[in-house]
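All remarks here apply to the structure that follows.
The values are calculated or read from the model by the stated rules, or taken from the named source; none is laboratory data. A quick note: this is a predicted structure, and the numbers were derived from the prediction, not measured. Note that each Cβ is placed from the backbone with ideal geometry, even for glycine, and that neighbours are counted across all protein chains shown. For the accessible areas, the whole protein counts, side chains as well, though only heavy atoms, and no ligand, DNA or RNA atoms are used. Shrake-Rupley method; radii C 1.70, N 1.55, O 1.52, S 1.80 Å.
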Amino acid sequence: MPMPIGPAGPEGPESALPQRRLSELAEQAVRCTAACCGAGTTVTDGGDELPTAVTHPDLAGLVSVQLRSGEGPIPAAQERGAPVDAADLLRDERWPEYRALALDSGVRASVTLPFRRSGLTLTLSLFSFRPGSLDDVSCGPAQALGDLATTGLVRDRHYRAALTELDHLGEALRTRPVVDQARGIIMHVLSCDADQAFGLLRRISQTTNRKLAEVSAVLVDTRGRGLERELSTLARRDGE
């Protein structure tokens, strides 16, 4: 069963989605690729998170050493945007640390396929005990599986972004009544119009590093009492 080897920590529904897709991709790629003894997958959008998965525990080190050192087929494929093939690691002198660990694990050949879409880069690495046995991988079903998985990850990310936006809109709708009340209080205290009152609310929110709804709730609870002088001072500064 594919093993996630991403950063340790609590895994919620959002972080589980990429891990699950990576695990499924690695497992399916091994099944449809002759002479393949295992696979590893990674995905990044340029941030700190780098979910990864492997089909066998012994392969976790082969992925980790590349990500740690920045040398190996995975970093090379990410940089070039093209497949990186190591047909026979016994004769290949690139990436000494990766090569030594691979040979120690019995791996003689590997190929890494990169997939880029919408700011996201996925890699699929296939490993074999036999040299020269993965030459046609970039033209086989593994390529199609990688394309499909990348599309799925991009769709997942867009879906999560849409849910986040809906949450923000919902919060804005829930807090609008208290903001409107606070604005009305400021209009009454300062005898200003609605736009000026709202601008003052935002100013207070920014200078106190509190949410607009929190500032508004304080004003509503106190009905503006005791804050007349402070509000007048801020209003004068905004008008300067």
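Quick notes on this one:
- Additional length obtainable on full extension of the chain from R203 to D104, 0.36 nm per residue less Cα span: 29.4 nm
- Largest-first ordering by accessible area, 1.4 Å probe, given options F198, F129: F129, F198
- Where labels lie 7 Å past Cα in the beta-carbon direction, separation of C32 and L50 in nm: 2.7
- Among the protein heavy atoms, those of E24 account for about 80 Å² of accessible surface (1.4 Å probe, every chain in place).
- Projected label distance in nm at D221 and L120, using a 7 Å step from Cα toward the beta-carbon: 4.2
- With DNA, RNA and ligands ignored, accessible area of V178 (1.4 Å probe; Å², nearest 10): 40
- Sorting H158, H56 by accessible area puts them as H158, H56; the probe is 1.4 Å, largest comes first, and only protein heavy atoms count.
- Mean separation of Cα contacts under 8 Å, 6 or more apart, over the residue count of region 34-73: relative contact order %: 32
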